[in-house]
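The values are calculated or read from the model by the stated rules, or taken from the named source; none is laboratory data. The shown structure was predicted, so the numbers you read here are calculated from the model rather than taken from an experiment. Here Cβ is always computed from backbone atoms with ideal geometry, including for glycine, and neighbour counts include all displayed protein chains.
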Amino acid sequence: MKSEFNYELKPGIKVRFIQSKQFKSVQMMVSFIHELKNKRELASRTLLAGILESSSAAYPNQHAITLKLAELYGATFGANTEVEGNLNLLNFVYSFVAPEYLKAGQSLLDESIDFLNQIIFHPRMEKGMFKPEVFERQRMNLKTYIQGIVDNKQSEALVNVQRSYFDDPIQQNTPYGTETDYQELTNQDIVAAYDQMLRRDQVQITVMGDLDLDFLKHSLSKFEFQESARETLHEICYSQAVKNQVKVQTKNESVQQSKLDLIYHLPIDAHQDRMFYAAVVMNAFLGGSPQSLLFQNVREKASMAYYAESSYSSLRSMVLIQTGIQATNHDSVLTLIKEQIAALQQGDFSVEQLAKIKIELINERQRMQDSPASNLEQAVLSELLDRPLDYKTQRNGIQAVTKQDVVAAASQLKLQTEFFLKGEMANGNY
């Protein structure tokens, strides 16, 4: 049994507490939420998260942090960034043993809040700047990580198809920015990003576990948040106008496996109710499950792809199709993909097939309920969208989708971009 409580700690700082005995640990996420203004902020906020995660004034290195977490009976901690539509979330994620599993009267809540407070509000600084060695180490780590993304050909194809499709430079890039951004960022830039985060970001504190509400409120009040004029968040969902001309781009590289990626515009976002679930089911039917048309007909029956899958982004109103193929099969695979979409648009599938897809989606969401991390992420997204995303709501939404709904969703797909990473063999043949 779960109970939910929502309140405002200070203006612009919201708390969502999900009281539950489901897990043996208490999960906590402190999210600093910012509406992105330029693509460089992707890198600056990612680098900031890495710096704050690695040390603080009280815990000057990773070893000191590890020792403190061990003292707290194996508590876990991490910081990360994520992009949700137009928004960037800089998250501090923490979990600790629930009071029920400690000695009578013992709780780790106050110590945990103190630890997070030290990490967030008291970083390791020197003369108003982050410690130079910490800044440089994290900057180099992220440059290496970004280079690894580029070296992965599936990721390279994804970045290229996004750059071709999106009008907004922020959406064109990885959620972590570019290697060039990290080369150009200075210590002063990250200090400015940190100041922006503390003073201007909206804050969402999400807590899930078996705690006393009054005790939690008292502990959270110890966070050193300052009252300030925090930014107003506008629309979380990104959208852009559909185009009549399909962009086609080919890049030749010396790789054995070619990549064919497509992006379709789908004007159905996470704010819509019935059609949102219709789009979720339609995508699963198209290429989002092992029972999907792309998997069964392109990969298995035709043996035309090493992988063939689709994903639906309700925060960016698009469906992405990714395939790994032989270069010589490009035209055949493209034709097959379009045939699968046409089948959905024309209702050329049985209600029995649809029922299997829906059962698979519901089972997947039921399995997610056993993951503390998934529950926490779901709660944060629910707050951002201001709509319920609990298991029962999602189950009912999926169950209500009809064959006509799937046809209606598929009929709104419009191909916008095709990117082909064409593999060239050593002998010069493709």
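Key figures
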read-out	value
Options F5, F23: the member that is in contact with a Pro (Cβ under 8 Å, 6 or more places away or on another chain), within 23 Å of M368 (Cα to Cα) and at pLDDT below 95	F23
Residue among Q291, Q296 that is in a helix (DSSP H, G or I) and polar (S, T, N, Q)	Q296
Test: residue in segment 163-170 that is without any contact (Cβ under 8 Å) to a residue 40 or more places away in the chain, within 30 Å of K243 (Cα to Cα) and outside any loop (DSSP other than H, G, I, E, B)	yes
Those residues of segment 363-402 which are touching a helix residue (DSSP H, G or I) at 6+ places or on another chain (Cβ under 6 Å) and of a type in the set (D, E, K, R), in sequence order	R365, R395
Within segment 96-113, tally of residues that are of a type in the set (F, W, Y) and at pLDDT below 90	1
Criterion: farther than 28 Å from N91 by Cβ and free of Cβ contacts under 8 Å to residues at least 60 places away in the same chain - qualifying residue of E360, E339	E339
Whichever residue in segment 294-316 is in contact (Cβ under 8 Å) with a residue 40 or more places away in the chain and buried (at least 23 other Cβ atoms within 10 Å of the Cβ) and, among such residues, is nearest to Q353 (Cα to Cα)	L294
All positions within segment 185-214 that are part of a helix (DSSP H, G or I) and either under 17 Å from K14 (Cα atoms) or modelled with pLDDT under 95 (or both)	M197, L198, R199, R200, L213, D214
In segment 20-47, the residues that are in a strand (DSSP E or B), over 17 Å from D195 (Cα atoms) and of a type in the set (S, T, N, Q)	S25, Q27
Complete set of residues in segment 91-112 that are out of contact with any strand residue (DSSP E or B) (no Cβ under 9 Å at 6 or more places or on another chain) and either without any contact (Cβ under 8 Å) to a residue 12 or more places away in the chain or under 12 Å from M28 (Cα atoms) (or both)	K103, A104, G105, Q106
Cβ-Cβ under 7 Å pairs, at least 6 apart or on other chains, segment 227-248 side touching a residue at least 40 places away in the same chain (Cβ under 8 Å) and loosely packed, with under 12 Cβ neighbours inside 10 Å, far side of a type outside the set (K, R) and in a loop (DSSP other than H, G, I, E, B)	E227/P11
Residue satisfying condition, being closer than 30 Å to K222 by Cα, not hydrophobic (A, V, I, L, M, F, W, C) and not assigned by TED's automatic domain parsing to the domain that holds I325, within set R137, R124, R163	R124
A409 being over 18 Å from V280 (Cβ atoms), among the small types (G, A, S) and crowded, with 18+ Cβ neighbours inside 10 Å	no
Qualifying residue in segment 350-357 (condition: touching a residue at least 12 places away in the same chain (Cβ under 8 Å), of a type outside the set (D, E, K, R) and under 30 Å from E383 (Cβ atoms))	yes
Subset of segment 58-84 (residues that are in a strand (DSSP E or B), of a type in the set (A, V, I, L, M) and closer than 21 Å to V97 by Cα)	A79
Options T66, T76, T46; residue that is of a type in the set (S, T, N, Q) and either surrounded by 22 or more Cβ atoms within 10 Å (Cβ to Cβ) or not assigned by TED's automatic domain parsing to the domain that holds I113 (or both)	T46
Test for Q340: is it at pLDDT 95 or above, assigned to a helix (DSSP H, G or I) and buried (at least 21 other Cβ atoms within 10 Å of the Cβ)	yes
